[in-house]
Every structure is written in C-alpha cells, then in structure tokens.
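Where a number appears in this text, it was derived from the coordinates with a stated rule and is not lab data. Source: prediction; values computed, not measured. Backbone-built Cβ (ideal geometry, glycine too); neighbour counts: all protein chains shown.
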Number of protein chains: 2
Amino acid sequence: MNVEEAIQLMKDKGFKHTDKRADMLQLFSAEKRYLAAKDVLEHMQGKYNGLSFDTIYRNLSVFTDLGILESTELDGEKKFRFTCAADHHHHHLICLDCGKTKHIEECPMDLFPVKKEGFHIVDHKFEVYGYCEQCEAPRG
Amino acid sequence: MNVEEAIQLMKDKGFKHTDKRADMLQLFSAEKRYLAAKDVLEHMQGKYNGLSFDTIYRNLSVFTDLGILESTELDGEKKFRFTCAADHHHHHLICLDCGKTKHIEECPMDLFPVKKEGFHIVDHKFEVYGYCEQCEAPRG
DNA sequence: GAGTTAAATCGGAATCATTCTTATCATATA
DNA sequence: TATATGATAAGAATGATTCCGATTTAACTC
C-alpha cells in the first residue's frame, strides 16, 4: 500500500479527500514508524495553524479502520504506523524511543499450542521492545 | 508467595503494615486474576469509607515493585494480579472480561531467534486474549 | 459555476485513568 | 508515651483521548 492507494481506498469507502488527510498519509508513508497523535499534530502544525486534536484523532481512527494504518498501545499511548503488510499477519520489534520497527515474520501462535481449555481465544499480542542504533547511542 | 509472605516481604523492605495493605493483598490472593485500580477501590470501599484513589495506586505500585503483584496494560488501563510465579518468566492467556488468566509456559523468545540487527532488545510482551467460559456465555 | 448536502474541521469542554501536593494521621520504635 | 517517618485523605493537576455545537468545505447536482 502506498499513499495513492490509501487515498483511493479512502475515496472508495466514501470518505472525502482533504489536504490534511493527504498530508497525514504522506507523513506516515515517509516515516514508516510508530507515531503518537501528538507527534502527528506537531508535524502538521507547521503547515496548518490551529489544527485540532479532534481532526488528528478522527483521521487516525478512519485510517486504522480502513487498514491503512496499524496501531498498538505503548506506555499508555496509542501509536500508529503505515501498515507494513496489510495482507498477512505479522509482529514487530519496536524502538521504545523513536518507534522504528523491524518486521517479525514468525508468530508464536503458529509455533506452539496454547492450552486453551475453557477459553475462547480472540486475539493475541507479541511485541519485542528495544532501542535502535540511533536511539541507543545517546543513552550511553 | 502467599499473603503472609507478601506482608513479611513488605515489612522486611521497610514498608509499614496497614489494614488497607493487608486487605488489598487478601483481595488479590483470593481473586488470582487481573484487576484494575477501580476494581480494587470498589471492593475496598465497602469496608473503608472515603478510601482515596491515591492509596490504591500507591500500594499497587509498592506491591509491584516488590514483585508481589505483576501488572500489564490492557485497553488503556493498568491491571494487576497476584504474581503466579515470581521466580520464573512466563506469559498469560487473559480473559478480556473478568481478567482471569491461564499460565503459558512457552516463551516465544526461546523458540525462535528474533533478527535484531541494529537493535538492543530490552523487553517483550506476549499475551493471548479471549473469554473464559463464565464470560463467554453471556456474550452469546 | 452556483446551490445543496453530508462530511470534515475547529475550539473548547468533558472524560477517564493516573499522579501530585499538602495537611493530617497512624505505625513502629526509642 | 514521645517521636520520627511513612501512610492516607482530599482534591487539584496532568495527559491522552473523546465528545459536542457551530462553522467550513468537498463532492455532487443542476
């Protein structure tokens, strides 16, 4: 998925094209890492003075619903990134500082049976956390 | 670890014994599932009128630091349970409704190598979510 | 190209979980 | 029992997120 495809998908689903939405998608496409709502707001405020939090949150939610962005929750914050593989299940190694990721193909659910007597399993989360080279250095 | 051991550990570490702390530990020991701060508050308010949120949060934090409780973050809420195995690494299958858990012995980190070029790994999270029999039924 | 309609946005208030602050109180100890 | 220090109450403060009413704008119709 790229920005053009994302915008087309958005239109196909009946959402309107706006400059703010296009710019948000452009940002995520360029960054390819997890960003918090406030990161997005900061980045956009240069161009759009008085941009509302509501706009950011609403659009993040729209994009996530459409599968354009994927999200996770880290340290009490929702974070979003341009989906790196909308078509197949995967996991991430995530930099706790900048949100940069590495793709993890293996899924633990495929590798061993989780004893699930008396449970109806509906989801799972597997994430590995660390610091990338750029963020590790300053931490000494 | 049981309630008595937890209280002893608390005293050994220089924390004072109070009825509220003992009751909180009693609750977690009896429930053996993930509870949110507000669950604990509700449970305690019957006995202690005017109990402060601060007391709950501070004590949850003390217990977690001492390894008496283990915690996770689910749906924007911190949840706590009496540690089911303070001595060895493990994961959980968790009921999204009531917080009941099943122990998962296998750790994905042991089962396959996570390609970590350029990353310094410091942590990971593996949780399986579902609904237990009691909570599944009402959901129809 | 102007008019219409529903969606998008703004600005700020509201909410929810959590943390902080200050004064008061209770536990453990001398 | 007196004292010191930790624990608690009460409520304010914080931070992320959501909600709401009023206004603006994109997309469609004529």
_Quick check on the range B:101-116. Is at least one of its residues out of contact with any Ser or Thr (no Cβ under 9 Å at 6 or more places or on another chain) and within 16 Å of DNA strand D (Cβ to nearest atom)?_
no
*Scope the range A:53-90; condition under 11 Å from the mean Cα position of the chain (by Cα), in a helix (DSSP H, G or I) and loosely packed, with under 15 Cβ neighbours inside 10 Å; matching residues*: A:SER61
_Any residue at all in the range B:75-94 that's within 13 Å of chain A (Cβ to nearest Cβ) and among the basic types (Lys, Arg)?_
yes
*Quickly run through the range B:91-125 and pick out the residues that are part of a loop (DSSP other than H, G, I, E, B), surrounded by fewer than 16 Cβ atoms within 10 Å (Cβ to Cβ), away from DNA strand C (no atom under 16 Å from the Cβ) and in contact (Cβ under 8 Å) with a residue 12 or more places away in the chain.*
B:GLU105, B:CYS107
*Kindly establish whether A:GLY118 is more than 16 Å from B:PHE112 (Cα to Cα), in contact with a helix residue (DSSP H, G or I) (Cβ under 7 Å, 6 or more places away or on another chain) and among the small types (Gly, Ala, Ser).*
yes
_Here is a check on your reading of the model: is A:TYR48 assigned to a helix (DSSP H, G or I), loosely packed, with under 15 Cβ neighbours inside 10 Å and not hydrophobic (A, V, I, L, M, F, W, C)?_
no
